[in-house]
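**Student:** Following this message is one structure expressed as structure tokens.
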Amino acid sequence: MEWLDIYDENGRRTDRKMVRGGPREPGDHILVTHLCLFDSGGRMLIQQRSGGKERWGGMWDLSSGGHVRSSEDSRRAVCREAEEELGLRLEEPPLFFKRFRIPQVLDDFYLLRLDIAPEALTLSGEEVAAVRWADRREVLALLESGRFIDYGRALLEEVFSAAEILL
């Protein structure tokens, strides 16, 4: 059982917790985090979620991400998720980019430049089926074809534009 802290709409941690997947009251938010890894050529490492995943199985997604556990901050969570999903222990902390608000979810995005061969990663088979590098055009084409999780074109464009500071 995984416990999550509940946050208010301003991103302040309340004194309440919930079991992951449990019901939320109006105004309650949970915190998730995403890591967007970019290589020196401006391509993002994307992952294909395992087909057995309950949500978005087989879909392409950002480099890694997941829920922030109770008493954990989002930077620790993004590093933990990178290690769990990709077998990647981050030597340098990723750069906080932006918090996106979606209904009842606060989503912290982090950016990191890292030139690594996909075959050097150790994928969590139950969560990640494959990884590959993709440029902006390829990611947007996957989004338009319905094969990339729908974060929205504007959000993906903003992430790729922000990543230019890493190059």
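Read-outs: derived from the displayed coordinates by stated rules, not from any lab. All values derive from a computational prediction rather than experimental measurement. All Cβ positions, glycine included, derive from the backbone under ideal geometry; neighbour counts span all protein chains shown.
**Student:** For the chain, set up a GNM with springs between Cα atoms under 10 Å and report which of 108, 61, 28 has the largest fluctuation.
**Tutor:** With Cα springs under 10 Å in the chain, the top fluctuation among 108, 61, 28 is at 28.
**Student:** Return the distance in nm (one decimal) between the two label points of a simple spin-label model at residue 20 and residue 158, each offset 7 Å from Cα along Cα→Cβ.
**Tutor:** For the pair residue 20/residue 158, the computed spacing is 2.6 nm.
**Student:** Is any residue of the range 62-85 close enough, with backbone N under 19 Å, to a label point placed 7 angstrom from the Cα of residue 13 along the Cα-Cβ axis, and if so, which?
**Tutor:** Zone members listed by number: 66-81.
**Student:** Between the range 95-151 and the range 1-41, how many Å separate their Cα centres?
**Tutor:** Each part's Cα centre sits 18 Å from the other's.
**Student:** For residue 113, which sequence-distant residues (separation of 5 or more, or a different chain) have an amide H within less than 5 Å of its own amide H, given hydrogens modelled in the peptide plane?
**Tutor:** The list, which skips near neighbours in sequence, is 38.
**Student:** Can you give the charge dipole size of the range 3-166 about its Cα centre, rounded to the nearest 20 debye, using +1 on the beta carbon of Lys and Arg and -1 on the beta carbon of Asp and Glu?
**Tutor:** On the way: 24 positive and 30 negative charges, 52 e Å.
Value, rounded to 20: 240 debye.
**Student:** Convex hull over the alpha-carbon atoms of the chain: what's its volume per residue in Å³?
**Tutor:** 117 Å³
**Student:** Springs between alpha-carbon atoms under 10 Å, Gaussian network over the chain: tell me which of 18, 44, 59 tops the mean-square fluctuations.
**Tutor:** 18
**Student:** Of 75, 89, 99, which has the largest mean-square fluctuation in a 10 Å C-alpha GNM of the chain?
**Tutor:** For the chain, modelled as a Gaussian network with Cα springs under 10 Å, the answer is 89.
**Student:** Quote to one decimal, in nm, the extra length available between residue 122 and residue 2 on full extension: 0.36 nm per residue of separation minus the C-alpha distance between them. Can you show the working numbers first?
**Tutor:** Working: separation 120, 0.36 × 120 = 43.20 nm, distance 2.35 nm.
Extra length from residue 122 to residue 2 when fully extended: 40.8 nm.
**Student:** Taking 0.36 nm per intervening residue step and subtracting the Cα-Cα distance, what contour gain separates residue 92 from residue 136 on full extension?
**Tutor:** Values: separation 44, 0.36 × 44 = 15.84 nm, distance 2.43 nm.
The residue 92-residue 136 span can extend by a further 13.4 nm.
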